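Take a look at the structure set out below.
Every number in this text was worked out from the coordinates using simple rules, so none of it is lab data. All values derive from a computational prediction rather than experimental measurement. Cβ placement follows ideal geometry from the backbone for every residue including glycine, while neighbour counts extend to all protein chains displayed.
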Amino acid sequence: MLVLDRKQVESLLDMDALIAALAPAMVELSAGRISMPPRTLAEVPERGLLGVMPAYLPSSNTLSCKLVSVFPGNGPKGLPTHQAVVMLFDADTGATLAMLDGASITALRTAAGSALATRLLAREDASVLLVVGNGVQAASHARAIPRVRKIRELRIAARDDVAAAALARELGEELGVKARALPIGKEAFAGAQVICATTHAAEPVVQGAWLEPGMHLNSVGLNPRGRELDAEAVLGARVAVESRAAALAPPPSGANDLKEARTPVEIGEVLAGTQPGRQSPEEITLYKSVGVAVQDAVAARLVYDAALKRDVGTEIKV
């Protein structure tokens with residue numbers, strides 16, 4: 001079994017290749033050609049949960065399973081709130097092929113999914129990006145979205161002013177764009193064309209009153225006892241999801257945010273042309289992600305194949 005740590009996964013997983021590879025996988029998912037049972041969760045009362053996310057992709061003969069823990073109280077302890085491993089198996093024999101750091105895969109595949117949705121749904125001229133949050137997902141989204149749209153201005157809005165300012169400085173220098181930090185509120189949203197909400201908020205950090213015609217939103221936060229988006233934001237948008245079955249499942253697996261939504265389209269349906277995406281320049285579009293195992297499988301396969309080519313990782317006997 002090949003073992004790959006966080007730094008190795010990050011060095012091996014190419015974001016452009018991942019965005020491209022997710023597209024046909026999402027079409028397969030919507031067409032019903034992928035085996036992906038509902039996510040199973042074990043809750044630890046008042047502390048967190050452990051999720052189990054298996055998937056099989058016939059087109060690439062990829063069999064994988066992610067184990068992910070979400071413990072929101074870890075932040076003040078200096079520990080990650082999300083921790084995970086992805087196991088990759090030989091789909092012909094069931095033998096274990098690899099164990100990969102799942103936190104890095106989760107961060108990168110989630111941002112790649114949002115980038116794919118942005119490519120499909122955001123206005124072509126979108127150039128102002130607002131990221132709500134200042135954690136791992138905030139940084140990965142700020143790096144991914146400029147790969148599908150020409151971003152000239154980056155805004156970071158978070159409850160922690162100091163952390164938001166530090167992240168804005170870091171990303172502005174790295175990406176070569178104008179970047180600034182703002183408090184969460186109407187001013188931060190004004191004039192933004194792509195918004196990425198990346199929090200674990202229990203109370204909405206995106207309000208419909210702050211939204212303007214033509215905006216595209218990506219919301220990846222999933223809190224079993226809360227929501228990132230208020231009802232007005234959801235009701236006023238055309239909603240797309242990875243999978244209706246996953247997104248509309250009861251919490252803690254599904255999204256509280258979509259209680260008021262009209263029946264959402266799936267990203268795979270938009271890619272296949274069976275459902276329309278953005279229908280006018282003024283329409284507000286929303287991609288609500290709950291995370292699906294097929295995306296982990298696609299990312300894990302890319303990492304594993306690259307590791308074999310570059311002779312990276314530690315081989316152990318099991």
Return one number: the angle in degrees, 0 to 90 and rounded to the nearest 10, between the long axis of the Cα atoms of helix 15-30 and the longest principal axis of the Cα atoms of the chain. 80 degrees
Provide the packing ranking of 147-157, 44-54, 284-294, i.e. peptides ordered by the mean count of other C-beta atoms within 10 Å per residue, highest first. 284-294, 147-157, 44-54
With the Cα gyration tensor of the range 203-304 giving a ≥ b ≥ c as the square roots of its eigenvalues, does the rule (a/c under 1.5 for rounded; else a/b larger than b/c for prolate; else oblate) give rounded, prolate or oblate? oblate
Rounded, prolate or oblate for the range 1-150? Axes are the square roots of the Cα gyration tensor eigenvalues, ordered a ≥ b ≥ c, and the cut-off for rounded is a/c under 1.5. oblate
Estimated vicinal HN-Hα couplings, Hz - the range 87-101 in sequence order (Karplus 6.51, -1.76, 1.60; Gly, Pro = x): 9, 10, 10, 6, 6, 8, 10, x, 5, 6, 9, 7, 10, 10, 4
Given [x] 20.4, 78; [y] 19.0, 66; [z] 18.6, 57 as possible values of Rg and Dmax of the Cα atoms in Å, the one from the coordinates is [z]
Excluding residues fewer than 8 positions from LYS66 in its own chain, the lysines with Cα under 19 Å of it are LYS7
Percent antiparallel among DSSP beta bridges confined to the chain, nearest 5, equals 50 percent
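Is there a quick way to get the dipole size of the chain? I mean about its Cα centre, with the Cβ of Lys and Arg at +1 and of Asp and Glu at -1; what is the value in debye to the nearest 20? Could the numbers behind the result be given before it?
Details: 33 positive and 35 negative charges, 21 e Å.
Magnitude of the dipole: close to 100 debye.
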At 222 nm, what helix-only mean residue ellipticity would the chain give, in deg cm²/dmol to the nearest 500, using -39500 (n - 2.57) for each DSSP H run of four or more? -9500 deg cm²/dmol
For ILE316 and LEU175 in one chain, what is 0.36 nm times their gap in residues minus the Cα-Cα distance, to one decimal in nm? 46.9 nm
Taking the Cα atoms only, what angle lies between the long axis of helix 293-310 and the longest principal axis of the chain, rounded to 10 degrees? 60 degrees
Give the separation of the Cα centroids, the range 188-216 to the range 1-37, in Å. 27 Å
Rounded, prolate or oblate, given the Cα gyration tensor of the range 80-158, with a/c below 1.5 counting as rounded? oblate
Helix 161-175 versus the longest principal axis of the chain: what angle, 0 to 90°, nearest 10, using Cα atoms? 70 degrees
